[in-house]
Amino acid sequence: MEDIAAAAKKTRGAFYANFNDKEDVFFAIFEADLLREEGKIQAALASASSEEEKVNTLADHLADVLEDRQRLLLNLEFKMYVIRHPQKRRRLNQLYSEMCLRCAMTKISSLMPELSEENVEERRCLTTEVGAAMDGLALNALFSPESITLRQRRRYLRIAVQEAMRAVKSMRAVTRAEAAEECGCGRPDVADRA
């Protein structure tokens, strides 16, 4: 906490007056970063005319995020903090997931407008899958920056976004089929009796 306060050019006392603990600091920084990007990516996604352009735009944006060493280190430090404090894991995972979901809504809505407010699980699926790919690439980018080129990172991110979107669409198809089965809409024997 002392290092963070010093980097923010605040006394330790002033710092603790605004934040209860390290967790509050993590979340404040994460949310500020995510919200700052929202306007930039929203405009870029809105101007993309096809799904392919939107996927490429988001993949390029995410690859640029991977260039921010401080942000990557903070994200990894937060996850290591959670791993070191297993008693806090459930609560911190939930808070982190909700924050990421809330901040990612602009990107998700631009990619898949059909994901409305009612589809929280579908949105969570999309952000979790792409986030997992980001974490793996981030760890490798920090460990061995020359091992994966920017072009490769963009390609992997494009694939991750496409696959996450495919998974959500598949999830929606299964949900629709289950709903049709429950009401008998998909079964010819029920329809014939009507």
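The values are calculated or read from the model by the stated rules, or taken from the named source; none is laboratory data. Values in this document were obtained by computation on a predicted structure and should not be read as measured data. Because the Cβ atoms are built from the backbone with ideal geometry, glycine has one as well, and the counts that use them run over all protein chains shown. With ligands, DNA and RNA removed, areas are computed over all heavy atoms of the protein, side chains included. Shrake-Rupley method; radii C 1.70, N 1.55, O 1.52, S 1.80 Å.
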### Query
What does the accessible area of Glu121 come to, in Å² to the nearest 10, when a probe of 1.4 Å is used?
120 Å²
### Query
Quick one: which of 55-62, 135-142, 166-173 comes out on top by average Cβ neighbours within 10 Å, and what's the full order, highest first?
55-62, 135-142, 166-173
